[in-house]
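Novice: Let me begin by handing over the structure; questions about it come next.
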Amino acid sequence: MKPLYQNNFEAYQGEAGSRKVLKLDFNERSDSRPLWLTTETISTECLWKYPDKTGLEDQVAQYYGLNKEQLLLTNGGDEAIELLFKYACLQQRRLILPLPAFSQYLAGKVTWSADMTLIEPLDDMRIDLQGALSEVSEGSILIITSPNNPTGELISEDELYRVCQQAKEKNAQVFLDEAYIEFACKDEDYSLKLLEEFDNLIVLRTLSKAFGLAGIRCGYLLGQSKIVIEFARLAMPFNLPAPTIEVAKKAFTDSARLEVNNYAGTISQNREQVVVLLKSAGLKVVDSSANFLFIQGNENKLRLIKAACEKRNIIIKTELAGLSAKDKKINAIRITIPFYLKPLLNALGLALKPELICFDMDGVLIDTRQSYDQAIKATVEHIAGKTVEQSDIEKLRSKGGFNNDWVLSLELVQQSGYETDLNAVIDVFQSFYQGSEKNKGLKELEKPFIERQLSTQLFVTNTRTIKTAIVTGRPKDEAVEGARMIGANNCLVISDDDVEVSKPEPEGIIKALRYFGKENGWMLGDTPDDMVAANRAGVIAIGIGDESLYEGGADLVLDNVNQLESLL
């Protein structure tokens with residue numbers, strides 16, 4: 001059987017395994033092109049003369065079983081919306097828009113200084129249909145988008161009938177935006193039935209979404225001839241270019257209809273897979289009948305999704321307009337559902353279902369302010385006779401390149417004007433940290449940052465589902481000793497002795513990934529070096545303690561390691 005689609009998945013992978021950008025922000029058909037389109041060529045003979053829409057109009061009218069007078073071809077759905085505002089303003093009709101809504105309607109309100117009543121959404125971000133209907137008055141126009149953008153909410157057939165009926169009773173009109181209707185996968189085109197009964201209804205559709213033709217800018221309005229003619233009077237005479245007309249004709253064929261139906265069915269199945277993953281991570285998803293999902297919930301999890309998608313070269317919609325007319329913050333993202341789902345599932349897995357979590361030890365799992373930090377101060381004072389403040393240590397660490405406290409101590413000694421070598425610094429440092437027969441070492445003052453319950457959960461209970469590793473700049477014996485202190489006896493420990501090059505190089509993290517045979521991971525650390533290493537390894541970089549770590553490349557910053565539990 002001839003394939004329906006041109007496979008773009010290999011193109012997405014790029015050369016030598018590199019990833020090209022996958023656009024999942026504008027609800028386009030970005031990763032599969034229909035074969036009925038790939039063979040299309042544009043004749044240059046059509047370019048010298050003004051475009052003639054007659055052939056396409058005949059084809060679309062026949063496609064829907066309508067008269068040509070019931071159809072208006074437009075330059076994408078955007079021109080249809082523009083015509084709505086022209087029509088409403090010239091006839092002094094009030095517009096009623098339930099939120100959330102497509103941003104173009106809000107832009108039109110401003111551009112045209114339109115008389116528009118905005119209806120706030122329900123708490124679950126569905127439109128307040130009853131509230132909108134209560135605002136309908138003589139001559140007004142109620143705008144309904146189904147499936148809605150940005151939520152994907154589908155208005156039921158019974159509700160649509162009620163909307164048209166109640167609007168008609170008040171001599172009002174209904175503008176029904178169905179840009180995403182193909183993804184609802186309905187066996188019957190219910191809107192055509194409504195058009196037969198209601199002369200106050202006009203329907204917007206487009207080739208930009210399911211047909212994958214956003215680039216040609218072709219949409220259309222359907223309705224009874226009386227209302228369509230009113231809109232047609234306001235349109236430009238040659239609003240569709242000749243190449244657009246030629247390509248659009250291919251969309252209204254039996255082969256295209258079959259392909260689009262199959263494509264939409266696949267998107268619907270993919271959408272449900274993504275919903276299951278998101279809901280299992282505790283996120284809220286509005287029931288969608290479109291080719292996208294509207295996602296709310298834990299703000300940190302949304303931030304991780306954004307970061308993971310960026311690392312996988314996937315663009316998603318993180319700035320959404322038209323959610324509310326009130327001055328209230330609504331944390332949400334929107335993701336277009338692709339045809340080839342694996343890249344998106346991989347990114348969401350990286351964000352929400354890490355296979356491996358790596359931890360820096362000092363300052364993350366263990367409080368070393370009275371041990372390593374005091375050893376630094378004592379070492380510098382012993383060798384150079386200079387008093388070091390905690391701020392001096394933090395300032396140097398924040399620059400990066402000083403993940404090893406011996407190296408940091410040497411730098412502070414040299415900054416004081418005293419010349420020595422690393423071995424001399426190590427000897428003094430270790431004498432303070434390890435102690436002697438006469439004096440207890442500063443290591444005795446260390447205590448866990450991580451709470452026992454979380455430590456048990458990570459390093460004992462859940463080791464089959466989430467692997468863990470400690471990737472630290474400590475020497476091996478001190479790293480193992482620290483792991484025992486927090487109850488991570490069986491955790492993989494990668495110390496400074498186990499790598500050729502210390503952080504910020506990603507060697508330790510990569511070794512941990514390879515050891516467990518995993519791809520998706522997180523790295524928790526408290527220094528810029530940890531963040532750089534995480535990003536170079538392609539894992540999520542989670543900073544601990546200091547929001548300045550965002551400048552160092554952190555994808556997320558937590559106050560302390562115990563907040564990790566809220567992300568798992």
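Novice: Would you pick out the residues in region 460-474 that are of a type in the set (D, E, K, R) and surrounded by 16 or more Cβ atoms within 10 Å (Cβ to Cβ)?
Specialist: Listed by number, the residues that qualify are Lys467, Arg474.
Novice: Could you list, in sequence order, the residues of region 499-532 that are of a type in the set (A, V, I, L, M, F, W, C) and either in contact (Cβ under 8 Å) with a residue 40 or more places away in the chain or in contact with a Gly (Cβ under 7 Å, 6 or more places away or on another chain) (or both)?
Specialist: Within region 499-532, Val499, Ile509, Ala512, Leu513, Phe516, Trp522, Met523, Leu524, Met531, Val532 qualify.
Novice: Which of the residues spanning region 422-459 are basic (Lys, Arg), farther than 17 Å from Asp405 by Cα and either crowded, with 21+ Cβ neighbours inside 10 Å or under 46 Å from the mean Cα position of the chain (by Cα) (or both)?
Specialist: Hits for region 422-459 are Lys447, Arg452.
Novice: Taking region 479-492 as the search range and keeping residues that are outside any loop (DSSP other than H, G, I, E, B) and surrounded by fewer than 21 Cβ atoms within 10 Å (Cβ to Cβ), which one is farthest from the chain's Cα centre (by Cα)?
Specialist: Initially, region 479-492 is screened for residues outside any loop (DSSP other than H, G, I, E, B), giving 479-485, 492.
After this cut, where a residue has to be surrounded by fewer than 21 Cβ atoms within 10 Å (Cβ to Cβ) as well, the list is 480-481, 484-485, 492.
Numbers: Val480: 39, Glu481: 41, Arg484: 39, Met485: 39, Leu492: 32 Å.
Of everything passing the filter in region 479-492, Glu481 is farthest from the chain's Cα centre (by Cα).
Novice: Residue check: is Ala172 at negative phi and over 34 Å from the mean Cα position of the chain (by Cα)?
Specialist: Numbers: at negative phi: yes; over 34 Å from the mean Cα position of the chain (by Cα): yes.
Answer is yes for this residue.
Novice: Determine, yes or no, whether Ala210 is among the small types (Gly, Ala, Ser), outside any helix (DSSP H, G or I) and more than 21 Å from Ile337 (Cα to Cα). Quick ask: steps written out before the conclusion?
Specialist: Details: among the small types (Gly, Ala, Ser): yes; outside any helix (DSSP H, G or I): yes; more than 21 Å from Ile337 (Cα to Cα): no.
No; evaluated as a whole, the condition is false for this residue.
Novice: Residue by residue through region 543-565, note down the ones that are buried (at least 19 other Cβ atoms within 10 Å of the Cβ), in contact with a Pro (Cβ under 9 Å, 6 or more places away or on another chain) and not small (Gly, Ala, Ser).
Specialist: Leu549
Novice: Out of all the residues in region 4-36, which are surrounded by 16 or more Cβ atoms within 10 Å (Cβ to Cβ), at pLDDT 85 or above and either of a type outside the set (Lys, Arg) or part of a helix (DSSP H, G or I) (or both)?
Specialist: The answer is Leu22, Leu24, Asp25, Asn27, Glu28, Ser30, Asp31, Ser32.
Novice: Quick one: count up the residues across region 519-547 that are in a helix (DSSP H, G or I) and within 25 Å of Val501 (Cα to Cα).
Specialist: So the count comes out to 10.
Novice: Can I ask one more? For Val460, which of the numbered conditions (1) without any contact (Cβ under 8 Å) to a residue 40 or more places away in the chain; (2) in contact with a Pro (Cβ under 7 Å, 6 or more places away or on another chain); (3) closer than 17 Å to Glu565 by Cα fails to hold?
Specialist: Looking at each condition in turn, Val460 falls short on (2).
Novice: Hey, another quick one. Right, Thr253: under 30 Å from Tyr63 (Cβ atoms), surrounded by fewer than 16 Cβ atoms within 10 Å (Cβ to Cβ), out of contact with any Asp or Glu (no Cβ under 6 Å at 6 or more places or on another chain) and among the β-branched types (Val, Ile, Thr) or not?
Specialist: Here the answer is yes, as Thr253 does meet what is asked.
Novice: Take Gln92 and decide whether it is within 20 Å of Lys226 (Cβ to Cβ) and of a type outside the set (Asp, Glu).
Specialist: Considered against the rule, which asks whether it is within 20 Å of Lys226 (Cβ to Cβ) and of a type outside the set (Asp, Glu), Gln92 comes out as yes.
Novice: Can you find, within region 49-63, the residue that is nearest to the chain's Cα centre (by Cα) among those that are part of a helix (DSSP H, G or I) and of a type in the set (D, E, K, R)?
Specialist: In the first step, residues of region 49-63 are kept if they are part of a helix (DSSP H, G or I); the result is 54-63.
After this cut, where a residue has to be of a type in the set (D, E, K, R) as well, the list is 57-58.
Details: Glu57: 38, Asp58: 41 Å.
Checking each candidate, the answer is Glu57.
Novice: Another one. Residues of region 548-568 being in a loop (DSSP other than H, G, I, E, B) and either farther than 16 Å from Pro504 by Cβ or of a type in the set (Lys, Arg) (or both), which ones?
Specialist: Across region 548-568, the qualifying residues are Asp559, Asn560, Leu568.
Novice: Residue by residue through region 278-326, note down the ones that are among the β-branched types (Val, Ile, Thr) and either in contact with a helix residue (DSSP H, G or I) (Cβ under 6 Å, 6 or more places away or on another chain) or more than 19 Å from Val539 (Cα to Cα) (or both).
Specialist: Val285, Val286, Ile295, Ile305, Ile314, Ile316, Thr318
Novice: Give the residues of region 411-428 that are more than 26 Å from Asp497 (Cβ to Cβ) and either part of a helix (DSSP H, G or I) or touching a strand residue (DSSP E or B) at 6+ places or on another chain (Cβ under 9 Å) (or both), sorted by residue number.
Specialist: Within region 411-428, Gln415 is the sole residue that qualifies.
Novice: Right, something else. So Glu437 passes all but one of these: (1) modelled with pLDDT of 85 or more; (2) farther than 27 Å from Gly552 by Cα. Which condition number does it fail?
Specialist: Condition not satisfied by Glu437: (1).
Novice: Before we move on, is Ile314 farther than 30 Å from Ser495 by Cβ and either of a type in the set (Lys, Arg) or outside the structural domain of Pro121 (by TED's automatic domain parsing) (or both)?
Specialist: Taking the combined requirement at face value, the residue satisfies it.
Novice: Is one or more of the residues making up region 189-196 without any contact (Cβ under 8 Å) to a residue 24 or more places away in the chain and over 25 Å from Ser268 (Cα atoms)?
Specialist: Yes, region 189-196 contains a residue that is without any contact (Cβ under 8 Å) to a residue 24 or more places away in the chain and over 25 Å from Ser268 (Cα atoms).
Novice: A further question follows. Working carefully through the options Ser268, Ser255, find the one that is within 31 Å of the chain's Cα centre (by Cα), closer than 22 Å to Leu37 by Cβ and assigned to a helix (DSSP H, G or I).
Specialist: Ser268
The values are calculated or read from the model by the stated rules, or taken from the named source; none is laboratory data. Treat the numbers as computed from the prediction; the structure is a model and nothing was measured. All Cβ positions, glycine included, derive from the backbone under ideal geometry; neighbour counts span all protein chains shown.
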